[in-house]
Each structure stands twice: as structure tokens, then as C-alpha cells.
Amino acid sequence: MAPPGPPPAPPKVTDVLRRRPQLLWLLVPFVLFLGAVPFVNRVRPVLLGLPFLFLCMIAATLLTPLAVWLTHRADRRADRADRAGLADRRGERP
């Protein structure tokens with residue numbers, strides 16, 4: 001028996017994002033938690049009795065599930081559309 005060939009190369013990030021742009025929603029929490037901290041790292045202004053940085057971190061924490069939900073919803077829709085397109089090409093019902 002011949003030895004198996006080399007494993008296939010993993011897909012490039014640009015190829016994945018071209019096929020699934022909804023994954024960009026997952027960058028929102030990253031940007032909010034890490035990218036925005038240098039800009040909001042202040043004690044003043046105080047809003048609702050909370051320092052500005054603390055309020056921004058609470059907002060980022062509350063927006064994270066929204067970004068994940070939007071990604072999930074868009075991914076499901078894209079998957080359904082892919083399956084429907086594949087079924088149409090075969091002459092089947094999805």
C-alpha cells in the first residue's frame with residue numbers, strides 16, 4: 001500500500017472571510033475589550049456613578065452576546081442558502 005500524501009493545506013483566512021464575512025462580527029468584542037481601552041482609560045467623566053472605563057467594559061460585556069448572536073444567525077442563513085442552492089442543482093427539495 002502506498003503511503004498517504006501530505007495533508008491538505010488549511011484554508012487561508014482571506015478565503016474563509018470571503019466565504020463567511022459574518023465572522024467579522026466576532027471582532028467586535030475584541031475591539032471593544034482590547035482596542036478601545038487606551039482611549040477610554042479615564043476615571044472622569046463619571047456616568048451613572050461609574051467611572052467611564054467601568055461603564056465601557058459593562059457595555060462591551062453586554063454587546064458581546066449580541067455580536068455572537070448576529071454571527072450565528074447570519075451563518076445559519078448562509079448555510080441554509082448553500083444547502084438550497086446545492087439541492088436546486090441536484091433537482092431536489094432542501
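Taking R0 as 41 Å, what's the FRET efficiency between residue 33 and residue 83 from their Cβ-Cβ distance, rounded to 0.05? Don't skip to the end; give the middle numbers.
Working: r = 35 Å, r/R0 = 0.84.
Working from the Cβ atoms, E equals 0.75.
Just need the relative contact order of the chain here, percent rounded to a whole number, with Cα pairs under 8 Å and 6+ apart.
On the way: 52 pairs, mean separation 25.1, N = 94.
After rounding, I find 27 percent.
Find the all-direction average of the projected area of the Cα convex hull for the chain, expressing the result in square nanometres with one decimal place. Before the final figure, lay out the partial values.
Numbers: hull surface 44.8 nm².
Quarter of the Cα hull surface area: 11.2 nm².
With label points built 7 Å along Cα→Cβ from the Cα atoms of residue 41 and residue 15, find their separation and express it in nm.
Output for this residue pair reads 3.9 nm.
By the gyration tensor of its Cα atoms, with a ≥ b ≥ c the square roots of the eigenvalues, what is the shape of region 28-80: rounded for a/c under 1.5, prolate for a/b over b/c, or oblate? Mind showing how you got there, number by number?
Values: a/c = 6.05, a/b = 2.73, b/c = 2.21.
Taking the square roots of the gyration eigenvalues as a ≥ b ≥ c, region 28-80 is prolate.
Of 35, 81, 47, whose Cα points farthest to the positive end of the dipole of the chain (charges on the beta-carbon: +1 Lys, Arg; -1 Asp, Glu; origin at the Cα centre)?
So the residue we want is 81.
Measure off, as a whole percent, the carbon and sulfur share of the 1.4 Å-probe accessible area of the chain, all protein chains present. Don't skip to the end; give the middle numbers.
Values: 5360 of 7890 Å².
Ligands and nucleic acids excluded, carbon and sulfur reach 68 percent.
At 1.4 Å probe size, put 34, 47 in order of accessible surface, largest to smallest. Numbers along the way, then the final one.
Values: 34 110, 47 70 Å².
Listed by decreasing accessible area, they come as 34, 47.
The values are calculated or read from the model by the stated rules, or taken from the named source; none is laboratory data. As the structure is a prediction and not an experimental result, all values here were calculated from the model. Neighbour counts run over all protein chains shown; Cβ positions are idealised from the backbone, glycine included. Just the protein is used for accessible areas: all its heavy atoms, side chains included, with ligands, DNA and RNA removed. Shrake-Rupley method; radii C 1.70, N 1.55, O 1.52, S 1.80 Å.
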